[in-house]
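Visitor: Okay, here's the structure, questions in a sec.
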């Protein structure tokens with residue numbers, strides 16, 4: 001997980017209580033045990049940091065951390 005989105009996503013996951021050493025692009029999101037509050041806080045932080053809106057269903061549809069990063073990066077590129 002590299003680039004500004006990867007760094008931010010790793011930071012947000014750490015804030016949600018996930019050990020950064022346990023996170024790679026291939027890590028299944030289901031293994032992170034994020035609850036709905038975590039998801040909402042992450043979406044809000046992404047909005048504040050990158051000025052994007054992430055639909056809750058989009059992140060829920062992501063299978064891995066890398067998939068989530070790809071979704072977020074596409075939104076950031078589209079917002080430019």
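Bear in mind these aren't lab numbers, they're just calculated from the coordinates by the rules spelled out. All values reported here derive from a predicted model rather than from experimental measurement.
Visitor: Note the angle between two axes, namely the Cα long axis of helix 65-79 and the longest principal axis of the Cα atoms of the chain, as a number of degrees from 0 to 90, rounded to the nearest 10.
Guide: Helix 65-79 sits at roughly 10 degrees to that axis.
Visitor: Here's something else I'd like to know. If you stretched the chain out fully between residue 77 and residue 14, how much longer would it get, using 0.36 nm times the residue separation minus the C-alpha to C-alpha distance?
Guide: Working: separation 63, 0.36 × 63 = 22.68 nm, distance 2.43 nm.
Once the chain is fully extended between residue 77 and residue 14, it gains 20.2 nm.
Visitor: Go ahead and estimate [θ] at 222 nm for the chain from helices alone: -39,500 (n - 2.57) per DSSP H run with n ≥ 4, summed, over the residue count, rounded to 500.
Guide: Numbers: 4 runs with 49 residues, N = 80.
When only DSSP H runs of four or more count, the value is -19000 deg cm²/dmol.
Visitor: Still on this structure: What is the angle, in °, between the Cα long axis of helix 36-50 and the longest principal axis of the Cα atoms in the chain? Nearest 10 is fine, range 0 to 90.
Guide: Roughly 40 degrees between the two axes.
Visitor: For Cα pairs less than 8 Å apart in space and 6+ apart in sequence, what is the mean separation divided by the residue count of region 3-79, i.e. the relative contact order in percent? List each step's numbers first, then the result.
Guide: Values: 60 pairs, mean separation 27.7, N = 77.
Rounded, it is 36 percent for region 3-79.
Visitor: Given axes a ≥ b ≥ c from the Cα gyration tensor, I'd like to know whether region 3-79 is rounded (a/c under 1.5), prolate (a/b larger than b/c) or oblate. Intermediate values should be presented prior to the final figure.
Guide: Working: a/c = 1.41, a/b = 1.35, b/c = 1.05.
Verdict is rounded for region 3-79.
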